[in-house]
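Q: This is the structure I have questions about; it appears just below.
Bear in mind these aren't lab numbers, they're just calculated from the coordinates by the rules spelled out. Since this is a predicted model, take the numbers as computed values, not measurements. Using ideal geometry, Cβ is built from the backbone for each residue, glycine included, and neighbour counts are taken over all protein chains shown.
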Amino acid sequence: MLRVHLSRAAQLGALFVLTTVSIASSAEPDATTSASTDRALLAAIDGPTRSPAFKARDGLRHPYDELKFFGITAQSSVVEILPIGGYWTEILAPYLKDHGVYYTAMPPKTSGGAGAAATAAFQTKLETDPETYGRVKITEFGPPAAKIAPDESADFVLTFRNLHNWMKQGNADEVLASFYAALKPGGILGVEDHRGNRAGTQDPKALDGYVQQDYAIALIKQAGFEFVGSTEINANPKDTANWPKGVWTLPPTLALGQTDRATYEAIGEADNFVLKFRKPR
């Protein structure tokens, strides 16, 4: 199991500067396109089929900036891991519908429990609006046997706030291997998760829901990916990542209920890193 101690974190911090770094690859637009406004993406984010509750979170989640940072275009082949409620699906499905490909990797229906229920609810969501979601491809997320997409077919694999769960389950290596298999050479892996406090040693199970950024980078590089860069668009310096109920102490979960609720609401949602990796050519 990978362990990154404070001295190692300091070494990695010197190597991995928290800036946005652009690269040229078949999975990304050229520099001119990256700098221009993507009106189709803005239209998808402002789309009438998006739920008001999800739109209300855009100011915190910065969907336009994040997808632009990853380099996605309307012609991309994209795999989203565990979309569950569909925040990103409501954006990516209409955006990719005409010219791209959009896979959604969900728990198999045979898995039982909450995973199977989430998949059934997600499929129902798609079936209620075939005009918007008719071209979404549901695949199975269940490494190592299941394939999230055909081998070397995807320009992008995206995962939002899931890495800590795979660390807890002890299958992060298998999960990352499935991402690597699905991506084309030069393809991009985009990862967002709750950023842990840099002091001390990372809990390899991430039981508090937090992952130190340098630990995440080292873990994903160990799976064969090249680190490209990061962006601070979802940073929250008020989050010290040392709460009684872990990340779930903060909004939107507020695991302590009314206890110190005003304090945690003032802190806001977790400090999140957004990282970009590339599968070598």
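Q: Have a look at Asp98, Asp129, Asp155, Asp151 and point out the one that is among the acidic types (Asp, Glu), in contact (Cβ under 8 Å) with a residue 24 or more places away in the chain and surrounded by 18 or more Cβ atoms within 10 Å (Cβ to Cβ).
A: Exactly one residue qualifies, and that residue is Asp155.
Q: I'd like to know if region 27-37 contains one or more residues that are closer than 27 Å to Phe277 by Cβ, touching a helix residue (DSSP H, G or I) at 6+ places or on another chain (Cβ under 7 Å) and hydrophobic (A, V, I, L, M, F, W, C).
A: No, because not a single residue in region 27-37 is closer than 27 Å to Phe277 by Cβ, touching a helix residue (DSSP H, G or I) at 6+ places or on another chain (Cβ under 7 Å) and hydrophobic (A, V, I, L, M, F, W, C).
Q: Now for a separate question. Kindly check whether there is at least one residue in region 100-107 that is in contact with an Asp or Glu (Cβ under 9 Å, 6 or more places away or on another chain), among the small types (Gly, Ala, Ser) and under 23 Å from Thr37 (Cβ atoms).
A: Yes, there is a match, as at least one residue in region 100-107 is in contact with an Asp or Glu (Cβ under 9 Å, 6 or more places away or on another chain), among the small types (Gly, Ala, Ser) and under 23 Å from Thr37 (Cβ atoms).
Q: Looking only at residues that are without any contact (Cβ under 8 Å) to a residue 24 or more places away in the chain and in contact with a Ser or Thr (Cβ under 7 Å, 6 or more places away or on another chain) in region 229-281, which one is farthest from Asn165 (Cα to Cα)?
A: Tyr264
Q: Residue by residue through region 101-126, note down the ones that are of a type in the set (D, E, K, R) and either exposed (fewer than 13 other Cβ atoms within 10 Å of the Cβ) or free of Cβ contacts under 8 Å to residues at least 12 places away in the same chain (or both).
A: The answer is Lys109, and nothing else.
Q: So in region 98-142, with the set limited to residues that are part of a loop (DSSP other than H, G, I, E, B) and in contact with a Phe, Trp or Tyr (Cβ under 9 Å, 6 or more places away or on another chain), which one is nearest to Asn171 (Cα to Cα)?
A: My answer is Pro107.
Q: If Gly229 passes every condition in (1) among the small types (Gly, Ala, Ser); (2) farther than 25 Å from Tyr64 by Cβ; (3) under 16 Å from the mean Cα position of the chain (by Cα); (4) not in a loop (DSSP other than H, G, I, E, B) but one, which one does it miss?
A: (2)
Q: A follow-up question, please. Given the criterion loosely packed, with under 15 Cβ neighbours inside 10 Å, of a type in the set (Gly, Ala, Ser), part of a loop (DSSP other than H, G, I, E, B) and touching a Phe, Trp or Tyr at 6+ places or on another chain (Cβ under 8 Å), identify the matching residue among Ala255, Ala199, Ala270.
A: None of the other options fit; the residue is Ala255.
Q: Separate question: Answer yes or no: is there a residue in region 196-205 that is hydrophobic (A, V, I, L, M, F, W, C) and farther than 24 Å from Met106 by Cα.
A: Yes.
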